[in-house]
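The values are calculated or read from the model by the stated rules, or taken from the named source; none is laboratory data. Just so you know, these numbers come straight off a predicted model, no measurement behind them. No Cβ is skipped: glycine too gets one built from the backbone with ideal geometry, and neighbour counts run over all protein chains shown. We work out accessible area using only protein heavy atoms, side chains counted, and drop any ligands, DNA or RNA first. Shrake-Rupley method; radii C 1.70, N 1.55, O 1.52, S 1.80 Å.
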Amino acid sequence: MTKFSVNDRPVEYRMDPDTPLLWALRDASNLTGTKYGCGTGDCGACTVDIDGEAIRSCLVTIAECEGRLVTTIEGLSRDRSHPVQQAWVAEQVPQCGFCQSGMIMAAAVLLRGNSSPSDAEIDAAMTNICRCGTYPRIRAAIRRAARVLRGEERIAAAPPPGIRPEDAARAVPALHPSPDS
Amino acid sequence: MAGIRDTVGTRARGTPRVTRRSLLIGATAAGGLAVAWSVWPREYQPNLTAAEGEHIFNAFLKIGDDGHVSTIVPQCEMGQGVSTLLPQIIADEIGADWRTIAVESAPISPLYANTLVVDEDSAAFMPRAGVPDFVADVRSWVRREWAVRHAVMLTANSSSVRMFEGPCRDAAAQARALLMMEAARRWDADWTECDTQDGFVLHGGKRLRFGDLAAGAAKHEPPAQPVYRASSTDPLYGKELTRLDLPAKVDGSANFAGDIRLPDMVYASIRQGPFGATRVKSIDKRAGLASPGMLYVVEHERWIAAVARNWWAANRALDRFAPVFETAGEPISSERIDAALTRALAADGWRIARAGDVEGAMEGRTQIAAEYLVAPALHAPVETRTATAAIEGDRLRVWVATQAPAQCRAAIARATGLAEQAVTLFPMMAGGSFDACLDHNVAVQAAIIAREIKRPVHLAWSRAEEIMRGPPRAPARAKMIATLNSAGGIDALVSRIAVPSTNHEVRARLFDNMPGDVAQRASVGKPDAAAVEGAAPTYAIPHYAVDHCPADIGLPTARWRGNADSYTAFFTECFVDELAARAGSDPLSYRMAMLGGSPLLAHCLLTATTLGGWEGGLPGSAQGLACHSMRGSHIALMATARQSDKGLQVEQLVAVVDAGRLVNPAIARQQIEGGLIFGLAAAVGATTDYEGGVATARKLHQLGLPKLSQSPEILVEFVDSDRDPGGIGEIGVPVVAPAIANAMFAATGRRIRRLPLSGQPL
């Protein structure tokens, strides 16, 4: 009843089937990038991709996810290379960052189906709440990510995680590759 | 450990020169201030931990053998970018390569006391006027000493850069001197002839990495006074560097207090009942414990927490426990709040600020008056109050976002009966806050639950708890009275403001550990200059007075992004607009005529109206203005807004800001944009009614917060300036509501005198 795929891995949750997906992701899978902000679908901080749709994971139970493909912020890319993630850093979108996983997932789903969204389409897709006021930058970042997806622009704004010290030292003279040598 | 000896309180800058003799005299003159020898400045050593191969230079800096430079940030990162700004100041002064900069949160220590905010706060409490300068100086010195001794590391009042730019720069300069001394020793050169750049010490053609010098450098004795780096050809200061926290905020890896995961951890939700002197009366234990996934119930006299295998199961179990609360006294309601404000406005108040002779100037003249009403404002951060706590033997560890870590730790220690030294607090990033993290109840509750169940526990308030139990920014009612000169300009202005004595409450909760209802009652009737901050006009008005009329509304209130300025600017800027209309003047020229003494604000206003295409404030133009100065910064805003069949439409906001020198213009721009949208939310919503002691709103959508589709076009410009940095986190907030209200008046001829603007007309 509660078998489905999360970030390309098969999972079976031994939880109450009525448990909202949000809490299975956060408290059972430790995928804490997906946030709780309201539990009523208002804020969108828990937005994930289910079979290509942007869904508030607080409003869908794990039973309803049976057999479906769930992608969270952790599964969007392995190295922050998704155009939306790159555009988000290039446009300096996040402030506190708490709502941003949900924003990024909603934007990624929007752009997958439409690489030239109009303002009205962006408005309709981005119904998440951000209290820091990142809205103007979100619009700009979505347009920028769209340009990347259309092949009109390249961005390298966010470094991948886990850069090895040797590689860092090759790029940054002030870093010592091996302090003991 | 070598390195500079950090001294707090003995710095030449910012501390009045007081000898013991003048202190004693001052203390006596100040009315018996108890000043013991123990307030004398003392030296504190940094309590940092060095990793292997890392060397502690001072309270703000560690350098590794590998060349990384760890900067220590003593402020809560809540989106304002402080964990990039302070490192940027340090990196610039020491001459580091930006790519080698690492960031750590500071441990609790007197070295990181925010003496500026304590001093400003105290000055707002007890205005300096009427107190001889030397007494004021001594009082302020004593307050700073108090702040240091109690490690008051407040994050508040847009003070991060204003407070810490100096200490960060000094710390970096001292560390730089040590690195140059070590390099000079190896080269047999004069260290003062060395320089630094991109993480190297340079001399002639020679250069050495910081990393290669760190171990030796940390053993030198620094110069008595910091020697600053000559300005670089390519300074990091002023550059639009990418925030250091962004990569982790786009892949879900940035950890907040609720993202900590520990072995054997369980999840808790809480119910606290109505505001007031509330006790848990009964719960249905049998039904609650039978709820699936339920593990423990923790019963406190003021709240009940359910602990389960996941948070949702815990929160669901609370419904089944069906707690019944009992509240002593008359329950809080919107009606009672409004009645208390009206009553306070009619009663005597405290005169907080004055100039000239308002009574004399107003006598026998036609007085123009208007009343304004502002609803309570909720913080409503997307992250609800959250903390994680774990007992390990006789030690307690707590992860929480807090704007007052030392006071948070003290409260936890008191509630759990542990010594403060047995409590380790991990300062986390806040998911918004907007000053909500000045309250640390959630950390205390998590600690109590962890102690009770002897397992690591995560406690998150539900959204309904957050709305119901987060004390809001105070509601306020004002009566504005003016008389005009023969040219229609303002000759005299009285701003009478009925509002609770919020800052007494905040202090009592924060420093005296009082429950909200007790602190509220204790504050009743007290004069609170900070509660009417920003009401003294920036305009050249010959006679003015600002009165605080303390209102006993029963509801605990809190600090909030923009604090009192968020309503005082609404009162003043709307009323000035009314007077301009009455005088038949253009609201721009009416203001400009009174801004001769405030050239920086006048410049902002002229630039904003030029950029925005000001049409002279003609009826039907839908354009409105507001300007304001606070925390050493100035802002002017031009709004274009109109009523349509879809409701209030804010089409454009054009802001011009003079915030002095900008450490990072990109972050400054984020802060102004964010402040404007926060102000927009408060102009249209971000509030709730109260009934029977609780908020009537339970869900986020009931707060009317703007979404992307309601976000206007925003244009932000900064004035080039070499002034010392002003505050930037809050100043965007206060101007929005009055600029929109003024635009709506221009568009419709209808004057809205209440916030939110969407409410019934006053």
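The set of residues from segment B:234-282 being away from chain A (no Cβ under 14 Å), within 29 Å of B:I94 (Cα to Cα) and modelled with pLDDT of 95 or more comprises B:P235, B:Y237, B:G238. Name the residue that is farthest from B:A171 (Cα to Cα), counting only residues in segment B:44-72 that are without any contact (Cβ under 8 Å) to a residue 60 or more places away in the chain and in a loop (DSSP other than H, G, I, E, B). Among those that are without any contact (Cβ under 8 Å) to a residue 60 or more places away in the chain and in a loop (DSSP other than H, G, I, E, B), it is B:E52.
With among the small types (G, A, S) and assigned to a helix (DSSP H, G or I) as the only criterion, which of A:A106, A:A63 stands out? Selected residue: A:A106, the only one of A:A106, A:A63 that is among the small types (G, A, S) and assigned to a helix (DSSP H, G or I). Can you tell me which residues in segment A:112-140 are more than 10 Å from every other protein chain (Cβ to nearest Cβ) and either modelled with pLDDT of 95 or more or touching a strand residue (DSSP E or B) at 6+ places or on another chain (Cβ under 7 Å) (or both)? Once the filter is applied, which keeps residues that are more than 10 Å from every other protein chain (Cβ to nearest Cβ) and either modelled with pLDDT of 95 or more or touching a strand residue (DSSP E or B) at 6+ places or on another chain (Cβ under 7 Å) (or both), segment A:112-140 yields A:R112, A:N114, A:S115, A:S116, A:P117, A:S118, A:E121, A:A140.
Note on segment B:335-367: residues that are farther than 26 Å from B:G489 by Cβ and part of a strand (DSSP E or B) amount to 1.
Taking segment B:599-619 as the range and being modelled with pLDDT of 95 or more and outside any helix (DSSP H, G or I) as the test, the residues that pass are B:G613, B:W614, B:E615. Taking the criterion of being more than 9 Å from chain A (Cβ to nearest Cβ) and closer than 21 Å to B:G64 by Cα, the residues of segment B:193-205 that qualify are B:C194, B:D195, B:T196, B:Q197, B:V201, B:L202.
For segment B:574-585, the count of residues that are surrounded by fewer than 20 Cβ atoms within 10 Å (Cβ to Cβ) and closer than 30 Å to B:C437 by Cα is zero. Scanning segment A:109-149 for residues that are closer than 17 Å to A:Q85 by Cβ and part of a loop (DSSP other than H, G, I, E, B) returns A:S115, A:M126, A:N128, A:C130, A:T134. Of the residues B:A404, B:A390, B:A430, only one is aliphatic (A, V, I, L, M), within 20 Å of B:L154 (Cα to Cα), more than 14 Å from every other protein chain (Cβ to nearest Cβ) and open to solvent by less than 30 Å² (accessible area, probe 1.4 Å); which? Residue meeting the stated conditions: B:A404. If you check A:G44, A:G39 for being in contact (Cβ under 8 Å) with a residue 60 or more places away in the chain and at the interface with chain B (Cβ under 10 Å from one of its Cβ atoms), only one passes: A:G44.
Suppose we filter B:R243, B:R261 for residues that are touching a strand residue (DSSP E or B) at 6+ places or on another chain (Cβ under 9 Å), under 30 Å from B:S105 (Cβ atoms) and in a loop (DSSP other than H, G, I, E, B); which single one remains? Step by step, each of B:R243, B:R261 is checked, and only B:R261 is touching a strand residue (DSSP E or B) at 6+ places or on another chain (Cβ under 9 Å), under 30 Å from B:S105 (Cβ atoms) and in a loop (DSSP other than H, G, I, E, B).
Within segment B:99-115, being β-branched (V, I, T), more than 19 Å from B:N157 (Cα to Cα) and either more than 14 Å from chain A (Cβ to nearest Cβ) or in a helix (DSSP H, G or I) (or both) holds for B:T100, B:V103, B:I108. Checked against (1) at the interface with another protein chain (Cβ under 8 Å from one of its Cβ atoms); (2) open to solvent by 10 Å² or more (accessible area, probe 1.4 Å); (3) assigned to a loop (DSSP other than H, G, I, E, B), A:E74 passes all but condition (3). For residues in segment A:39-60 being among the charged types (D, E, K, R) and part of a strand (DSSP E or B), which is nearest to the chain's Cα centre (by Cα)? Per the criteria, the residue is A:D49.
Screening B:W40 against (1) surrounded by fewer than 21 Cβ atoms within 10 Å (Cβ to Cβ); (2) modelled with pLDDT of 95 or more leaves a single unmet condition, (2).
Taking the numbered list (1) open to solvent by 10 Å² or more (accessible area, probe 1.4 Å); (2) more than 18 Å from the chain's Cα centre (by Cα); (3) over 23 Å from B:G674 (Cβ atoms) in turn, B:A443 passes all entries but (1).
Counting only residues that are more than 20 Å from B:A51 (Cα to Cα) and away from chain A (no Cβ under 11 Å), segment B:64-81 holds 1 of them.
In segment B:311-335, the residues that are away from every other protein chain (no Cβ under 11 Å) and under 30 Å from B:A476 (Cα atoms) reach residues that are open to solvent by 50 Å² or more (accessible area, probe 1.4 Å) and in a helix (DSSP H, G or I) with C-beta atoms within less than 8 angstrom, at least six apart or across chains, in these pairs: B:E330/B:R336.
Give me the residue from segment B:187-243 that is aromatic (F, W, Y) and open to solvent by less than 60 Å² (accessible area, probe 1.4 Å) and, out of that set, nearest to B:H55 (Cα to Cα). Among those that are aromatic (F, W, Y) and open to solvent by less than 60 Å² (accessible area, probe 1.4 Å), it is B:F210. Scanning segment B:82-98 for residues that are open to solvent by 10 Å² or more (accessible area, probe 1.4 Å) and assigned to a helix (DSSP H, G or I) yields a count of 4. Of the residues B:A254, B:A248, which is under 27 Å from A:L22 (Cβ atoms), within 25 Å of the chain's Cα centre (by Cα) and not in a loop (DSSP other than H, G, I, E, B)? Exactly one residue qualifies, and that residue is B:A248. All of B:L459, B:L510 fail the test of being part of a helix (DSSP H, G or I) and either buried (at least 21 other Cβ atoms within 10 Å of the Cβ) or in the same structural domain as B:A593 (by TED's automatic domain parsing) (or both), apart from B:L510.
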